[in-house]
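The values are calculated or read from the model by the stated rules, or taken from the named source; none is laboratory data. Remember, predicted model here, so these are calculated numbers, not experimental data. Positions of Cβ are generated from backbone atoms using ideal geometry, with glycine treated the same way; all protein chains shown enter the neighbour counts. Remember, those area values only see protein heavy atoms, side chains included, never the ligands or the DNA or RNA. Shrake-Rupley method; radii C 1.70, N 1.55, O 1.52, S 1.80 Å.
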Amino acid sequence: MKYFVGIDIGSTAIKLAVLNEGENICALGQSPTGSRFNQNTEDTLDRLFAENHMDKSLIAYTVTTGYGRKLFKSGDEKINELTSNVEGAIFMAQKDSNIQTIINIGGQDTKIIQLDRHNQMTNFVMNDKCAAGTGRFLDIAARNLEVDVEDLEKLHFQALNRPLTINSTCAVFAESEIISLLASGHNTSEIACGIHYSIAKRIARLASRIQLNDDVLFDGGPALNGGMIDALENELMRKVIVHPHPQFTTAIGASFYALKQYRFEYQSVN
Ligand code: ADP
């Protein structure tokens, strides 16, 4: 038994994925990124292996990706998050679909990646300048509405698709706008639904700079939120695919890349 580890050190959460030689996912784990990237990543890795009764000495290859990858001292290779996101999307899709666009909403940025029919990246657009179209905006909104980010989905569907319009184009001003809406008696579900549509509209604008081809995959932590999926599908006027464990796609991609690199290097020396 050998293990291939993908580590995605994101702005919000560290995500780990472990594959075996048979390309089966053996374990997935996450923890908040915090400020001590290196130590928190090592601790998350130790905990994941201990909890799953797996032996760390059987790790054959480790690939690190994500915003904090350069600060992680161990591991065999580092790759950028666009490459690992594409690898993860292809791994999870297997032969069921033909992913040609990936929309990734992370904790601090949003990316739209275009692929050709051979799974090669042909173009991408990114918003990493403003929190308004990212998971950070959902976290700020949840805090103001005094709910957990996991509860935004339930609120969204309680609004029966009657979202309030959130006019602010900046997360800081949007926070004041949410507080004003609450103070003037609007209910939390309509505000939550409005937040989802506000992010979805920003993504639709970003998408207008790139051609969206079917199938469209939506991943990153906010893809766990059915309200976000609903708003995005309405704004893009098309269905999106969400794989299981959407927040782990990039980590899974790094572990798949690790397995392929190991096979390549092993075959080269034998
Ligand atoms: P990063 O890779 O930049 O750390 P992630 O892809 O992990 O970002 O996404 C983090 C965001 O996902 C959080 O800011 C939060 O808004 C959202 N999120 C995380 N977990 C959940 C959940 N269980 N339900 C809904 N949203 C979630």
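Simple rule: put +1 on each Lys or Arg Cβ and -1 on each Asp or Glu Cβ in the range 108-261, find the dipole, and look at Asn167, His243, Leu206; the Cα lying farthest toward the positive end is Leu206.
Skip the ligands, DNA and RNA, and give the accessible area per residue of the chain with a 1.4 Å probe, whole Å². Don't skip to the end; give the middle numbers.
Details: 12650 Å² over 270 residues.
With the other protein chains kept in place, the chain gives 47 Å² per residue.
Computing the accessible area with a 1.4 Å probe over protein heavy atoms, can you report the carbon and sulfur percentage for the chain? Carbon and sulfur atoms account for 49 percent of the accessible area of the chain.
List the relative contact order of the range 105-245 as a percent without decimals, with contacts defined as Cα pairs under 8 Å and 6+ residues apart. It would help to have the intermediate numbers written out before the result.
Values: 211 pairs, mean separation 38.1, N = 141.
It comes to 27 percent, rounded to a whole number.
Helices in the chain, meaning DSSP H runs of at least 4 residues, each add -39500 (n - 2.57). Divided by all residues, the mean residue ellipticity at 222 nm is -13000 deg cm²/dmol.
Any idea what the relative contact order of the chain is, in percent, if you count C-alpha pairs under 8 Å spaced at least 6 apart?
Values: 545 pairs, mean separation 65.9, N = 270.
Taking the mean separation of contacting Cα pairs over the length of the chain, I get 24 percent.
Treating each Cα of the range 12-109 as one equal point scatterer and applying the Debye formula with no solvent, the log10 of I(q)/I(0) at q = 0.13, 0.23, 0.25 Å⁻¹ comes out as -0.51, -1.45, -1.57. What does the net charge come to around Glu77 if you take all other residues with beta carbon closer than 12 Å to its beta carbon, with K and R at +1 and D and E at -1? Result for the neighbourhood of Glu77: +1. For Thr12, nonlocal amide neighbours, meaning residues 5 or more places apart or on other chains whose placed amide H falls under 5 Å from its own, are Gly107. Rounded if a/c is under 1.5, else prolate if a/b beats b/c, else oblate: with a ≥ b ≥ c from the C-alpha gyration tensor eigenvalues square-rooted, which is the chain? Prolate.
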